[in-house]
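Structure record follows, encoded as structure tokens.
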Amino acid sequence: MRLQPSVLSAAEADHLRDGLIWIDRLFPTPREGAFHIMELAVTSAAQGIGLAKALLSDAVERAAAACCQWLTLDVAAQNSAVGFYRHFGFSVELEKRIPMLAENHEIGTQPHMVRAIP
């Protein structure tokens with residue numbers, strides 16, 4: 001936090017500070033027995049070649065090896081990956097929306113998505 005003024009604009013620092021205050025509500029603790037994906041991104045240049053599918057398939061294998069029952073992740077509702085995750089077997093377990101973040105920072109609904117591990 002003390003380095004913020006040297007690397008972030010005032011607006012960026014406010015955005016980060018407000019987000020951190022609410023982070024536990026945006027990203028709830030995954031349920032017991034879950035293998036949680038914290039971050040998954042594929043550059044636009046690498047989309048369409050099966051990389052995201054390979055990464056998720058690897059996560060399923062790792063979750064199964066760890067005897068997990070669920071694969072979980074959080075994503076912004078407006079992210080085009082939501083449809084991809086649905087196609088991969090995820091469903092929305094719950095949705096989070098924090099009005100202050102939506103109004104002040106355009107951080108809208110955040111679905112928490114879940115897929116059972118076979």
task = Please tell me the relative contact order of the chain in percent, rounded to the nearest whole number, where contacts are Cα pairs under 8 Å and at least six residues apart.
result = 27 percent
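Taking K and R as +1 and D and E as -1, what net charge do the other residues with C-beta under 13 Å from the C-beta of Lys96 add up to? Mind showing how you got there, number by number?
On the way: positive: Arg25, Arg97; negative: Asp24, Asp74, Glu93, Glu95.
With Lys, Arg at +1 and Asp, Glu at -1, the net is -2.
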ask   = Which of Val42, Val75, Val92 moves the most in a Gaussian network model of the chain with Cα springs under 10 Å?
value = Val42
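Give me Rg/Rg_expected for the chain, where Rg uses Cα atoms only and Rg_expected = 2.2 N^0.38 Å with N residues.
Dividing the Cα Rg of the chain by 2.2 N^0.38 Å gives 1.20.
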remark   = Largest fluctuation, Ala45, Ala11, Ala102 only, Gaussian network model of the chain with Cα springs under 10 angstrom, belongs to Ala45
task = Go through the stretch 1-80 and name the GluC sites (Glu not before Pro) that are in a DSSP coil and have 12 or fewer other Cβ atoms within 10 Å of their Cβ.
result = Glu32, Glu39
inquiry  = Please report the spacing between the Cα centers of the stretch 1-64 and the stretch 76-90 in Å, no decimals.
reply    = 15 Å
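FYI, it's all coordinate maths here, none of it is from the lab. None of these values were measured; they are calculated from a predicted model. Cβ sites come from the backbone with ideal geometry, for glycine too, and all protein chains shown count toward neighbours.
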